[in-house]
1. Only one of (1) modelled with pLDDT of 95 or more; (2) in a loop (DSSP other than H, G, I, E, B) fails for residue 62. Which number is that?
2. Please work out if residue 55 is of a type in the set (S, T, N, Q) and without any contact (Cβ under 8 Å) to a residue 24 or more places away in the chain.
3. Among the residues that make up segment 17-29, is at least one of them exposed (fewer than 14 other Cβ atoms within 10 Å of the Cβ) and touching a helix residue (DSSP H, G or I) at 6+ places or on another chain (Cβ under 8 Å)?
4. Within segment 58-70, which residues are touching a residue at least 24 places away in the same chain (Cβ under 8 Å) and over 12 Å from residue 18 (Cβ atoms)?
5. Suppose we filter 42, 76, 53 for residues that are part of a strand (DSSP E or B), hydrophobic (A, V, I, L, M, F, W, C) and surrounded by fewer than 16 Cβ atoms within 10 Å (Cβ to Cβ); which single one remains?
Amino acid sequence: MTAQTGTPGTVTTVYKVSGMSCGHCEGSVSAEISEIPGVSSVKAVASTGEVTVVSEAPLEDEAVRAAVDEAGFELVGRA
């Protein structure tokens, strides 16, 4: 799901990530995705497997997949 937020020039996208089970997992995924250029915030929730990303423009799925892989988890797709 990609949606424009109330702030002009931002895009919010929710991704599904498998394998997160704790706060440390959430932090690892958030830290890696935060390094993608244009990302302004990341919120990962282990209990739902959802990662909400706010960025200046839509992100390339492969960039997000690479960041999630680097954190040691698997990007399932968009929620």
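1. (2)
2. On the way: of a type in the set (S, T, N, Q): yes; without any contact (Cβ under 8 Å) to a residue 24 or more places away in the chain: no.
Spelling it out, it is not the case that residue 55 is of a type in the set (S, T, N, Q) and without any contact (Cβ under 8 Å) to a residue 24 or more places away in the chain.
3. So far as segment 17-29 goes, no, none of its residues is exposed (fewer than 14 other Cβ atoms within 10 Å of the Cβ) and touching a helix residue (DSSP H, G or I) at 6+ places or on another chain (Cβ under 8 Å).
4. Hits for segment 58-70 are 58, 59, 63, 64, 67, 70.
5. Details: 42 fails: surrounded by fewer than 16 Cβ atoms within 10 Å (Cβ to Cβ); 53 fails: surrounded by fewer than 16 Cβ atoms within 10 Å (Cβ to Cβ).
76 is the lone residue from the list that is part of a strand (DSSP E or B), hydrophobic (A, V, I, L, M, F, W, C) and surrounded by fewer than 16 Cβ atoms within 10 Å (Cβ to Cβ).
The values are calculated or read from the model by the stated rules, or taken from the named source; none is laboratory data. Bear in mind the structure is a predicted one, so any value in this text is a computation, not a measurement. Every residue, glycine among them, receives a Cβ derived from its backbone with ideal geometry; neighbour counts consider all protein chains shown.
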